[in-house]
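Beneath this line is the structure, given in structure tokens, with notes to follow.
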Ligand SMILES: [Zn+2]
């Protein structure tokens with residue numbers, strides 16, 4: 001038997017999930033022990049953090065390695081989340097159908113948005129995986145994710161209203177929610193429904 005043959009088999013099944021850091025900065029990663037020389041870290045397409053480490057690398061050392069690369073991980077995960085390949089690519093017909101439906105919602109909602117100082121925005125549909133919609137207030141563009149294709153009309157209308165309300169209030173403040181709830185009284189329930197199966201934020205306005 002080749003040296004280390006059995007050993008390789010044993011260590012290749014030694015996988016575990018670990019979490020380092022705390023609160024907002026906590027990072028969960030999957031550790032695999034391998035016959036590698038150095039600790040390696042990569043971000044999978046789904047945003048998972050995969051770490052491989054030599055068989056006897058002490059755990060504190062691996063944790064420290066992961067923590068040291070927190071910025072790299074954050075950027076990699078953001079990239080993975082917004083990767084167009086990860087969201088459904090619609091054929092031209094379905095895309096046009098979704099664009100039409102979202103434009104119709106926006107046209108109905110726009111006159112209801114109190115305090116809107118912007119002209120009716122340009123409506124776009126894009127393969128976004130990280131967000132249901134986004135609103136570029138300065139550019140006057142509202143973009144919806146192709147993931148909304150086939151979703152319930154009430155949910156789509158909610159996302160449209162949410163983005164259009166950002167034309168009046170750019171953040172997720174109390175004023176924003178008051179405005180949105182006037183147009184969509186069950187907004188909070190719809191928001192919960194929309195995020196039930198995924199952890200997607202509606203958009204990133206709270207971080208702006
Ligand atoms: Zn928002």
Quiz prompt | Dimensionless Rg/Rh of the stretch 92-207 - Kirkwood Rh, Rg from C-alpha atoms | solution = 0.92
Self-check item: Geometric extent, Cα atoms of the stretch 5-82 - Rg, Dmax (angstrom)
Solution: 12.9, 41
Quiz item: More than 19 Å apart: what percent of Cα pairs in the stretch 77-146 qualify?
Solution: 39 percent
Practice problem: Looking at the stretch 5-82, send over the antiparallel percent of its DSSP beta bridges, to the nearest 5. | Solution: 65 percent
Quiz item: Stretched out fully, how many nm does the piece from residue 124 to residue 181 gain, at 0.36 nm a residue minus the Cα gap?
Solution: 18.1 nm
Quiz item: If you line up the Cα atoms of the chain on their principal axes, what length do they span on each, largest first, in Å?
Solution: 75, 38, 30
Quiz item: So how tilted is helix 92-109 from the main axis of the chain? Cα-based, degrees 0 to 90, rounded to 10.
Solution: 50 degrees
Quiz item: Taking every DSSP beta bridge that has both residues in the chain, what percent is antiparallel when rounded to the nearest 5?
Solution: 60 percent
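Determine, for each peptide in 32-41, 89-98, 119-128, the mean count of other beta carbons within 10 angstrom over its residues, then list the peptides with the highest first.
Descending packing order for the listed peptides: 119-128, 32-41, 89-98.
We did not get these values from a lab; they are worked out from the coordinates using the rules stated. Since we're looking at a predicted model, the values are computed, not measured. Here Cβ is always computed from backbone atoms with ideal geometry, including for glycine, and neighbour counts include all displayed protein chains.
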